[in-house]
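J.: Submitted below is the structure of interest, expressed as structure tokens.
Every read-out reported here was derived from the displayed coordinates using simple, explicitly stated rules and does not represent laboratory data. Just so it is clear, the model here is predicted, and its values are computed rather than measured. Don't worry about glycine lacking a Cβ; one is built from the backbone with ideal geometry, like all the others, and counts go over all protein chains shown.
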Amino acid sequence: MSRRLFMLIGLTATLFFVVTVNSRAQGSDGPPDHPPPLSPEEELKRLKVADGLEIKLVAAEPQVAQPLSICFDDRSRMWVLQ
């Protein structure tokens, strides 16, 4: 896969992790108008991706509980710091 696709996947994963961690940090005691957080599989179904691109779930809880940093090396591998 191309480096551009890996970057798109990484940015999407980063956004997903931030939203998921933030939602879970707020807990279920939040305002009643906020829906509960979705599972990673449900989130993937809701993402809209441009034609010719695809997004794959590469990690989710419990494998990654509190990601602090995500980066890519020169071989387009994603590294996550917990």
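J.: Just the residues that are of a type in the set (S, T, N, Q), in contact (Cβ under 8 Å) with a residue 12 or more places away in the chain and more than 14 Å from ARG3 (Cα to Cα), please, taken from the range 54-82.
T.: Restricting attention to the range 54-82, the residues satisfying the condition of being of a type in the set (S, T, N, Q) are 63, 66, 69, 76, 82.
Those still in the list that are in contact (Cβ under 8 Å) with a residue 12 or more places away in the chain too: 66, 69, 76, 82.
GLN66, SER69, GLN82 - these are the residues of the range 54-82 that are of a type in the set (S, T, N, Q), in contact (Cβ under 8 Å) with a residue 12 or more places away in the chain and more than 14 Å from ARG3 (Cα to Cα).
J.: Let me ask something else. What are the residues in the range 31-53 that are under 22 Å from ARG4 (Cα atoms) and free of Cβ contacts under 8 Å to residues at least 12 places away in the same chain, if any? Please lay out each step first, then the result.
T.: First, pick out the residues of the range 31-53 that are under 22 Å from ARG4 (Cα atoms): 43-53.
Correct list: LYS45, ARG46, LYS48, VAL49, ALA50, ASP51, GLY52.
J.: Inspect the range 44-62 for any residue being farther than 16 Å from THR12 by Cβ and among the hydrophobic types (A, V, I, L, M, F, W, C) and give the result as yes or no.
T.: So far as the range 44-62 goes, no, none of its residues is farther than 16 Å from THR12 by Cβ and among the hydrophobic types (A, V, I, L, M, F, W, C).
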